[in-house]
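Enquirer: First the structure, then my questions, so here it is.
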Amino acid sequence: MVDLPETETLNSPAAAKPRFFYGYVIITTVFWIMVIAQGLFMSFGVFFTPIATDMGWLRSALSGPYSAAFIVMGVMNIILGRLGDRLGPRKVVTAGIILFGVGHILMSRVQALWQMYLFYPIISTGQSTTDVVLLSTLARWFNKRRGIMSGIAKVGTGLGMLIMPVAITWLIARSDWRNAYVVLGTLVLVTTIPLCQLLRKDPADVGQFPDGDRQVAEGTLTFDQSGLTVRQAMGSRHLWAICFAWLTGLFCIQSILVHITPYAIDSGIAEVHAASVLSTLGAVSILGRLVIGYTGDRISNRRGLMVCFGLFALALVWLQFARDIWALYPFAAVWGFAQGGMITALSPVVAEMFGTRAHGTLLGVVFSGGTVGGAIGPLLAGYIFDATGSYRLDFVILLVLALIGLYLTSTLKPTVRKTPDGKQF
């Protein structure tokens, strides 16, 4: 168990409660940035077939740039998380959105596969700022309601995943994939850059306190001073437990997202019904984000994360026997709920364990570990299927990894914070 370093206390008189808490501007801004940017990033699959058909590329070849971009995103999560801690979200996310939008416009000019290996990592670098930096910002603005606010923000991702595929399909049908990239890249730049200007690092920037409270209680820690430094956190086994747990989690999540529809089709289910399994998963994930975010503020976000891994394990046991559409819908519902909840709980767990002093950097470290699992999982599943003609072995591996993630999260112990008189809070 690690004690936080001694810090200064606030002894100022009680401040008058502000008439309007700027944190609500922050959560609204973060929500809409995630709808636009993350919704678009998660919709690469809609472009997949049109590009492959137009360029005459194999699907395995076209998958390469996306996997490469995922690895680049993992590295950039650490760098951008640290920049967010130092420079604040407004500058960092604005720069990221510019890269994100320009990257999409450049995609419209692709003539060779090597260009996708250049342009898509530019997009993923920009996308990194809309996850780590924004979630870290919310962790500073909200303390008591950190879980539910992270859940609301991640609902933006879910909403974007519902809206963007439809919009992209409409654009491609009325023009082509190249013009769709130009329109979407321009849309991102025009709508999202102004939103970025509303971001502020923490409540102190506008003379307020987390959650809109009147004051920070005497003896408690101030905004950026509360928590471990990067060096201190790196020496804690809890950080590495979270990293490996998230690696197993994203390994499972990405494997299912990519391969559950092919598995359903291989089981003899019509393509339209097979696709609806994935839609069900995405829709229920929104509920999971809200419920786990809300309950995490009450039972601790660490326990919320444990619940999600437990549900993953139960769903994967069910999947061993699910071959009909009626059986896949319950799987998708349970999995989607747990997936949405897990993604929501991660940022609050890091803040819960280590405070917010270096939250962006530490969250970036954890996210980077996850991208390794997220990149390997789908590739391993495809290799196992090619070798055996079945996903059965892969589903067993995912079950084992879910149980490992459950064990790792169960070993986490909340960080103890102390006031100058020795009391814990």
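The values are calculated or read from the model by the stated rules, or taken from the named source; none is laboratory data. As the structure is a computational prediction, the values presented were derived from the model and not from experiment. Backbone-built Cβ (ideal geometry, glycine too); neighbour counts: all protein chains shown.
Enquirer: Test each condition in (1) free of Cβ contacts under 8 Å to residues at least 40 places away in the same chain; (2) crowded, with 24+ Cβ neighbours inside 10 Å for residue 115 and report the one that comes out false.
Expert: It is condition (2) that residue 115 fails.
Enquirer: Can you confirm whether residue 267 is among the hydroxyl-bearing types (Ser, Thr, Tyr) and over 24 Å from residue 397 (Cα atoms)?
Expert: No; evaluated as a whole, the condition is false for this residue.
Enquirer: Which condition number does residue 183 fail, the rest of (1) within 21 Å of residue 111 (Cα to Cα); (2) touching a residue at least 24 places away in the same chain (Cβ under 8 Å) being met?
Expert: Failing condition for residue 183: (2).
Enquirer: Consider residue 345 carefully, then state whether it is in contact with a Gly (Cβ under 9 Å, 6 or more places away or on another chain) and either over 17 Å from residue 257 (Cβ atoms) or modelled with pLDDT of 90 or more (or both).
Expert: So residue 345 passes the test.
Enquirer: While we're here: Where in the range 300-414 are there helices (runs of 4 or more DSSP H), lying wholly inside it, with at least 1 residues that are farther than 24 Å from residue 288 by Cβ and in contact (Cβ under 8 Å) with a residue 24 or more places away in the chain?
Expert: Hits in the range 300-414: 325-354, 359-388, 392-410.
Enquirer: Would you check which residues across the range 154-180 are of a type in the set (Phe, Trp, Tyr) and in contact (Cβ under 8 Å) with a residue 40 or more places away in the chain and list them?
Expert: 177
Enquirer: Here are the criteria: (1) modelled with pLDDT under 85; (2) surrounded by fewer than 18 Cβ atoms within 10 Å (Cβ to Cβ). Tell me which single one residue 221 does not satisfy.
Expert: Result: residue 221 passes all but (2).
Enquirer: If you don't mind, another one. So, in the range 67-79, how many residues would count as being more than 18 Å from residue 118 (Cα to Cα) and at pLDDT 85 or above?
Expert: The total comes to 1.
Enquirer: Check the range 325-339 and report whether any residue there is at pLDDT below 90, of a type in the set (Phe, Trp, Tyr), farther than 23 Å from residue 34 by Cβ and not assigned by TED's automatic domain parsing to the domain that holds residue 31.
Expert: yes
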